[in-house]
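S.K.: The structure under discussion is supplied below as structure tokens; questions concerning it will follow.
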Amino acid sequence: MKTACFRLALLGLSASVLLGGCVSLGNSSDTPAAVYYVLNDVAPAAAPLPPAVDTAPSLRVLDTTTGSFYDTDQLVFSRSADTRGLYQFARWTERPGKRFAELMRTRLERQGGWNVASGSYVRADWLLDTELVEFYHDAASDPGQVRLVLRANLIDIKQRKLLGQRVFEQQVPLANYDAAAAAQASSQAVGRVLDDLTGWLATLK
């Protein structure tokens, strides 16, 4: 009962905060409006680099996989280490796994030095396989923090060899105890993980 009350309170609060989201108006005035947030790459602005030359390694970037519970457009929260819940009225415009892969490809292309490719039938030298292991609002304390854990494997396709494997983790505190702050902290966590990921890849190239 306490868990249900907490969820209703937390999720109801999220619907009232519209900063950074798009509003979907319901048919009933008694039903809170769903708020849709865009997951972004919060990274420092940088001057665009020249495109990769033909001799640069070609990198096939697979879509980021997620566990079944995280494969949803609803924001995820947790009150304790062994529980997970879903925000009822706060949603992503795209599911995090799909969106993260798009942001990752954009970051690699912007960084330069790679010929980035996507799709299973594209020929490439190397393959980047990523999995979003954890991505949720840790609400065990007020205001809590967003926790993001990403597992990455870099594979040499021609030699069928694992070049490197690493787990990246970021925890970003929320500014407020609501869905808008959770979405903002999520974008910050994504930007920091992409910083770490691209830095790691540069050491392997």
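Every read-out reported here was derived from the displayed coordinates using simple, explicitly stated rules and does not represent laboratory data. Only a predicted model underlies this, so the values are computations on that prediction, with no experimental measurement involved. FYI the Cβ positions are ideal-geometry reconstructions off the backbone, even for glycines, and counts take in every protein chain you see.
S.K.: How large is ³J(HN,Hα) for each residue in segment 57-69, as worked out from phi by the Karplus curve 6.51 cos²θ - 1.76 cosθ + 1.60 (θ = phi - 60°), to whole Hz, x for Gly and Pro?
M.R.: With coefficients 6.51, -1.76 and 1.60, one gets x, 8, 10, 8, 9, 6, 4, 6, 8, 9, x, 4, 5 Hz.
S.K.: Then there's this: Quick check: the distance between the Cα centres of segment 162-197 and segment 136-155, to the nearest angstrom?
M.R.: First find each Cα centre; the distance between them is then 6 Å.
S.K.: Report, by chain and number, residues whose modeled amide H sits under 5 Å from the one on VAL116, excluding near sequence neighbours (fewer than 5 apart, same chain).
M.R.: LEU59
S.K.: Calculate the spin-label point distance for THR93 paired with TYR177, positioning each point 7 Å from the Cα along the beta-carbon direction, and give it in nanometres.
M.R.: In this crude spin-label approximation the distance works out to 3.0 nm.
S.K.: Okay, next question. Per-residue HN-Hα couplings for segment 152-158, Karplus 6.51 cos²θ - 1.76 cosθ + 1.60 at θ = phi - 60°, whole Hz, x for Gly and Pro?
M.R.: Calculated HN-Hα couplings, in order: 10, 10, 10, 10, 7, 5, 5 Hz.
S.K.: Now for a separate question. Using every alpha carbon pair in segment 82-147, what percent of pairs falls into each 5 Å bin from 0 up to the bin containing the largest distance?
M.R.: 3, 11, 18, 20, 15, 11, 9, 8, 3, 1
S.K.: Run the simple label-point estimate for THR106 and TRP200 please: 7 Å along Cα→C-beta, distance reported in nm.
M.R.: 2.2
S.K.: Between ASP125 and ASN40, what is the label-point separation in nm under the 7 Å Cα-to-beta-carbon projection?
M.R.: Between ASN40 and ASP125, the simple spin-label model gives 3.4 nm.
S.K.: Could you work out the per residue convex hull volume over the alpha carbons of segment 66-205, in cubic angstrom?
M.R.: Once divided by residue count, the hull of segment 66-205 is 117 Å³.
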